[in-house]
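Engineer: Have a look at this one.
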Amino acid sequence: SSGINAEYGDHSADYGMLSLQGPRSRDILEKICDADFSNNAFPFSTHQLVTVAGHQVRAMRLTFVGELGWELHIPSESLVAVYEAVMAAGGEFGIADAGYRAIDALSSEKGYKHWHEDVRPDTTPLEAGMAWLVNPKLKTDVDFLGREALLSQKKNGLKQRLVCLKVKSPVPMVTLEAIYRNDKVCGYVRRTAYGYSVGCNVAWGYVENPAGLTLDWIRSGTYKVECMGELYDAEMTLAAPFDPKNLRVKGDYSEDYFPLSDTTKQSAHL
């Protein structure tokens, strides 16, 4: 009835994706593309068809690591050529390949949520600290699946809330570690990775209080995390431990978030 003629099909094998992230990503792309990648011409969360080294690519300004960056969605037959062009253009900037463990560590520092770990079918946006996603719609009469449950939580309060814990543990954490508040178990770690930018393990988990919890209750506690049978002090935060102002996604690198030694800081920047 809308007049749109649409078809759908499985094209998973027809495309691949390269994610170019970091403070020089714009410089690299502007060397090999026919498009303007400035903030005004290419805002965050938009996409454009561009030509990279003679190949048509859909560039999306997105990030899962908290940096200025673009995803390049590329026809499979052009993947190698585009990758080689990107790496050649980035040589002068010290470009390097990064694996999925790097993505996990960087996204954990930035507080980006992982489905099945930070958020699951048994958690709500309010409990996950993502009220900004649903509050605008809750202020309207628009109905959606889960609306009544969220309104009930707003009225009656939460029983659990996702928090971030910076843990100075000398051993790796693997998830499911117990979280202690004031020497009593109050939850467990859902997701963890070592944060090379902040110099400690970064753990995300839900703290629980059956009697109801408030932000004051969360902030007033003293936290520890059990790791390999030992208890380690943890610093609780509700915000991302890295770039909480979200400046880097906007291409603003004016503030330094590396509370490490100069040598480590230099390595981290690279």
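The values are calculated or read from the model by the stated rules, or taken from the named source; none is laboratory data. In this text the structure is predicted, and so the values were computed from the model without any measurement. As a convention, Cβ positions derive from the backbone with ideal geometry for all residues, glycine included, and neighbour counts pool all protein chains shown. With ligands, DNA and RNA removed, areas are computed over all heavy atoms of the protein, side chains included. Shrake-Rupley method; radii C 1.70, N 1.55, O 1.52, S 1.80 Å.
Engineer: Counting only residues that are touching a residue at least 12 places away in the same chain (Cβ under 8 Å) and in contact with a helix residue (DSSP H, G or I) (Cβ under 7 Å, 6 or more places away or on another chain), which one in the range 142-190 is most open to solvent (accessible area, probe 1.4 Å)?
Structural biologist: It comes out as Leu151.
Engineer: Of the numbered conditions (1) open to solvent by less than 80 Å² (accessible area, probe 1.4 Å); (2) in contact (Cβ under 8 Å) with a residue 12 or more places away in the chain; (3) under 24 Å from the mean Cα position of the chain (by Cα); (4) farther than 17 Å from Arg248 by Cα, Ala89 satisfies every one except a single condition; which is it?
Structural biologist: Going through (1) open to solvent by less than 80 Å² (accessible area, probe 1.4 Å); (2) in contact (Cβ under 8 Å) with a residue 12 or more places away in the chain; (3) under 24 Å from the mean Cα position of the chain (by Cα); (4) farther than 17 Å from Arg248 by Cα one by one, Ala89 breaks only (3).
Engineer: Out of (1) surrounded by fewer than 16 Cβ atoms within 10 Å (Cβ to Cβ); (2) farther than 24 Å from Thr192 by Cβ, what's the single condition that is false for Ile95?
Structural biologist: Among (1) surrounded by fewer than 16 Cβ atoms within 10 Å (Cβ to Cβ); (2) farther than 24 Å from Thr192 by Cβ, the lone unmet condition for Ile95 is (1).
Engineer: Among the listed residues Leu106, Leu126, Leu133, identify the single one that is open to solvent by 70 Å² or more (accessible area, probe 1.4 Å) and either touching a residue at least 24 places away in the same chain (Cβ under 8 Å) or among the aliphatic types (A, V, I, L, M) (or both).
Structural biologist: Checking each option against the conditions leaves just Leu133.
Engineer: Need a quick list: strands (runs of 3 or more DSSP E) entirely within the range 42-150 having at least 1 residues that are modelled with pLDDT under 95.
Structural biologist: Values: elements: 47-52, 55-60, 69-75.
Output list reads 47-52.
Engineer: List the number of the failed condition for Asn201; all other conditions in (1) open to solvent by 40 Å² or more (accessible area, probe 1.4 Å); (2) at negative phi; (3) not aromatic (Phe, Trp, Tyr) hold.
Structural biologist: (1)
Engineer: Among what's in the range 10-32 and is touching a residue at least 12 places away in the same chain (Cβ under 8 Å) and polar (S, T, N, Q), pick the residue that is surrounded by the fewest Cβ atoms within 10 Å (Cβ to Cβ).
Structural biologist: Within the range 10-32, the match that is surrounded by the fewest Cβ atoms within 10 Å (Cβ to Cβ) is Ser19.
Engineer: Are there any pairs, at least 6 apart or on different chains, whose C-beta atoms fall under 6 Å, with the first in the range 218-237 and modelled with pLDDT of 95 or more and the second not in a strand (DSSP E or B), and if so, which?
Structural biologist: Once the first residue is modelled with pLDDT of 95 or more and sits in the range 218-237, its partners that are not in a strand (DSSP E or B) give Gly221/Asn182; Thr222/Asn182; Val225/Glu177; Glu226/Glu177; Tyr232/Ser169.
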